[in-house]
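Asks: My structure is below; once you've seen it, I'll send some questions.
The values are calculated or read from the model by the stated rules, or taken from the named source; none is laboratory data. In this text, all values refer to a predicted model and were calculated from it rather than measured experimentally. So basically every Cβ, Gly included, is an ideal-geometry build from the backbone, and we count neighbours across all protein chains shown. All accessible areas refer to the heavy atoms of the entire protein, side chains included, with ligands and DNA or RNA removed. Shrake-Rupley method; radii C 1.70, N 1.55, O 1.52, S 1.80 Å.
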Amino acid sequence: MTAISRCFETLRRNQECALIPFITAGDPDLETTAKALQVLDNSGADIIELGVPYSDPLADGPVIQAAATRALQRGTTLEQVLEMLKGISPSLRSPIILFTYYNPILHRGIDKFLQQIQDAGVAGLVVPDLPLEEAAGLIKPAAEVGIDLTLLVAPTSSPERIEAIARASQGFIYLVSVTGVTGMRTQMQGRVSDLLQQIRHVTDKPIGVGFGISDPEQARQVKAWGADAAIVGSAVVKRLAEGTPAEGLEAIAQFCHTLKTAIKNPT
């Protein structure tokens, strides 16, 4: 059983919903990223998603795009991100999921890339521009080194495609709550509830909902609809970027704690 599967198994036994915050590596700098991982780990995160800055982030909304641009302007590279992770990951309770586009993987070669991220302590992988039809070439070698490749289900996915994605996805299934890019939304779409039930009919794997959760009430809502995890990205990235690094770290600590409280003790 992988680290991510163990995490979900423990939470499921306790009837808890996982909190998965997302941050962009290198924004505002890698030293702050390392501190942010520790802060999130200590403030209620169950799993942490770490985005590798990329120059053409097709799935990302304006907040995360801006964070990636700032990180790239500072010269942040994948090698630096993994070196930072290698130093901090042994002290973290939360498994780390690396969020990266497919080109950096192809550039290094699949086997080399997987070995590098495993050495850095990465437990899972999300590749938003990797279609189901091409995922098999990454799922099998990732599984061989103990890394879960999690696939995304879109609101527009057909029932047949949802079933195929659910069968192939490792660790959990990532349900995209909206059609479009990441970003904060004022309301969660009711379609999410229907999609959760649709996925439940074809798999017992955990389901995480992301793209659009921006406050504790929305996180509470997706748990009430039956999600196993609430994935919160832009709202965390935005708070970390505001003010000084110390102020940003304090802001994400408070926000993460509030989110976890909302999905642990719903009212």
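Asks: Determine the per residue accessible area of the range 1-117 with all protein chains present and a 1.4 angstrom probe, expressed in square angstrom.
Replies: Values: 4970 Å² over 117 residues.
Here the per-residue accessible area is 43 Å².
Asks: Could you list, in their original order, any pairs among Lys112/Lys238; Lys140/Lys260; Lys238/Lys264; Lys140/Lys264; Lys35/Lys264; Lys205/Lys264 whose Cα atoms are separated by more than 26 Å? Can you show the working numbers first?
Replies: Working: Lys112/Lys238 33 Å; Lys140/Lys260 33 Å; Lys238/Lys264 24 Å; Lys140/Lys264 34 Å; Lys35/Lys264 24 Å; Lys205/Lys264 20 Å.
Exceeds cut-off: Lys112/Lys238; Lys140/Lys260; Lys140/Lys264.
Asks: Moving on. Pop out the carbon and sulfur fraction of the accessible area of the chain as a percent, whole number, probe 1.4 Å. The partial results should precede the final answer.
Replies: On the way: 5610 of 11190 Å².
Its accessible area is 50 percent carbon and sulfur atoms.
Asks: Still on this structure, I have one more. On a C-alpha basis, how far is the centre of the range 205-224 from the centre of the range 22-101 in Å? Whole number, if you could?
Replies: Computed from Cα coordinates, the inter-centre distance equals 21 Å.
Asks: Also, I was wondering about something else. Of Val52, Phe8, Met84, which is farthest on the positive side of the dipole of the chain, counting Cα position, with +1 on Lys and Arg Cβ, -1 on Asp and Glu Cβ, and the Cα centre as origin?
Replies: Highest projection toward the positive end goes to Phe8.
Asks: Evaluate the distance, in nm, between pseudo-label points positioned 7 Å from the Cα of Ala224 and of Gln15 along their respective Cα→Cβ axes.
Replies: Calculated label separation equals 1.7 nm.
Asks: Also, quick follow-up: For the chain, what does -39500 (n - 2.57) per DSSP helix run (n ≥ 4), summed and divided by total residues, give at 222 nm, in deg cm²/dmol to the nearest 500? Let's see the in-between values first.
Replies: On the way: 12 runs with 134 residues, N = 267.
The helix-only estimate for the chain comes to -15500 deg cm²/dmol at 222 nm.
Asks: Is there a quick way to get the dipole size of the range 43-145? I mean about its Cα centre, with the Cβ of Lys and Arg at +1 and of Asp and Glu at -1; what is the value in debye to the nearest 20?
Replies: On the way: 7 positive and 12 negative charges, 68 e Å.
Dipole of the range 43-145, to the nearest 20 debye: 320 debye.
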